[in-house]
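> First, the structure itself, so that you have it in front of you.
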Amino acid sequence: MSRLAGKVAIITGGAGGIGKKTAELFLKEGAKVVIVDLMQDDLDRTMNELSGQGEIVAVKANVTNEPEVENYVKQTLEKFGKIDVFFNNAGIEGKVAPLVDQKIEDFDQVMSVNVRGVFLGLKHVLPHMIKQKSGSVINTSSVAGLNGSPDVSPYIASKHAVVGLTKTAALEVAEANVRVNSVHPSPVNTRMMRSLESGMKIDEKTLSKSIPLGRYGETSDIAYLVLFLASDESTFITGSQYRIDGGMGAL
Ligand SMILES: NC(=O)c1ccc[n+]([C@@H]2O[C@H](COP(=O)([O-])OP(=O)(O)OC[C@H]3O[C@@H](n4cnc5c(N)ncnc54)[C@H](O)[C@@H]3O)[C@@H](O)[C@H]2O)c1
């Protein structure tokens, strides 16, 4: 298996559910991988699981902090010499509450990680891809970036903003043969959904009834879509929004 042979990939939120599974698949497909995440403990646990599976490095960074973003880019270049794939994926769900009950601090925190973090990643990774005249960026949005949903207004706003950043960046860097797309999962079996279920006072079985395929996505479902967008199989795709939602978009 070598769909990413010779490629270097950065994955933010690389110690979380979707990020870690994608790192595992990227390694299997021949990529060298840099995982970026907030907590050293989570990174250490992930490295314990994945370091036997290929060339992988962990860099601790808060994606909202510009010097730390610059540092994960620098560390990647020092270790592997280039960046071919950027999975701009770190995100938080925020508080579940009606818009009128959301505190401004809660709004700012979600916007900071999900929008400022994605923006800073693009700002500091794209120059290197532009220079090498190739690269693929995959931003993680959500079905929450395409549709509304009650009680998660900061999350919805932030994931819609990711679409705007994706389209703008795609247009700005197309000339340099760099591609930027976004992925839009419906509920996926990770910590984030456990948190949202508890905030919404709903369980997986009940929520799954609103998904035509009748189940949550698994992290591997998302990883395979990201793999396609990262690989040279998708070289004519840019500025696009990829739903991966068990059919919810058809409702
Ligand atoms: N799980 C779902 O149902 C679902 C659905 C649609 C979209 N998403 C999106 O997928 C992405 C990954 O989520 P997940 O489900 O794997 O959740 P997760 O909580 O398992 O993983 C998110 C990771 O991001 C990291 N992170 C959070 N804030 C950070 C920061 N400031 N700096 C660096 N790292 C930070 C966390 O430590 C965590 O490891 C998120 O952007 C999320 O919004 C998830």
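> From the phi of every residue in the range 214-229, what ³J(HN,Hα) in whole Hz does the Karplus formula 6.51 cos²θ - 1.76 cosθ + 1.60 yield, where θ is phi - 60° and glycine or proline is x?
My calculation for the range 214-229 gives x, 7, 6, x, 9, 4, 5, 4, 5, 4, 5, 5, 5, 4, 4, 5 Hz in order.
> Non-local amide H neighbours of Val57 (under 5 Å, H modeled in plane, Pro and chain starts lacking H): which ones?
Val33, Val34, Ile35
> Continuing with the same structure: Once the Cα atoms of the chain are picked out, what are the Rg and Dmax in Å?
17.1, 50
> To the nearest 10 degrees, how steeply does helix 153-173 sit against the main Cα axis of the chain, on a 0 to 90 scale?
Roughly 30 degrees between the two axes.
> Now a separate question. If you plug each phi of the range 29-42 into the Karplus form 6.51 cos²θ - 1.76 cosθ + 1.60 with θ = phi - 60°, what whole-Hz ³J(HN,Hα) values come out, in order, with x for Gly and Pro?
Taking θ as phi minus 60°, the curve returns 8, x, 7, 9, 10, 10, 9, 10, 7, 7, 10, 4, 4, 5 Hz for the range 29-42.
> Mind ordering 156-167, 136-147 by average Cβ neighbours within 10 Å, highest first?
Most protected by this proxy first, the peptides run 136-147, 156-167.
> OK, next. Applying the Karplus parametrisation 6.51 cos²θ - 1.76 cosθ + 1.60 with θ = phi - 60° to the phi angles of the range 242-247, what ³J(HN,Hα) value in whole Hz is obtained for each residue in order, glycine and proline being reported as x?
9, 5, 9, 9, x, x
> In degrees, nearest 10, range 0 to 90: what is the angle between the Cα axis of helix 66-80 and the longest Cα principal axis of the chain?
40
> Under a straight-distance cross-link criterion of Cα-Cα below 17 Å, which lysines are reachable from Lys28, leaving out those fewer than 8 residues away in the same chain?
Of all the lysines, those that pass the test against Lys28 - Cα under 17 Å, at least 8 places apart if same chain - are Lys7, Lys20.
> Among all the aspartates and glutamates, which ones have a C-alpha under 20 Å from Lys131's C-alpha, if same-chain residues fewer than 8 places away are not counted?
Within the straight-line limit of under 20 Å, Lys131 reaches these aspartates and glutamates: Glu70, Glu78, Asp84, Glu172, Glu175, Asp232.
> Please rank Asp44, Asp221, Asp37, fewest neighbouring Cβ atoms within 10 Å first, as an exposure proxy.
Least to most surrounded, the residues fall as Asp44, Asp221, Asp37.
> Under 16 Å Cα to Cα from Lys103, which lysines show up? Leave out anything in the same chain fewer than 8 places away.
Lys95
Each reported figure results from applying straightforward, stated rules to the coordinates on display, with no laboratory input. Just so it is clear, the model here is predicted, and its values are computed rather than measured. With ideal geometry, Cβ positions are generated from the backbone for all residues, glycine too; neighbour counts draw on all protein chains shown.
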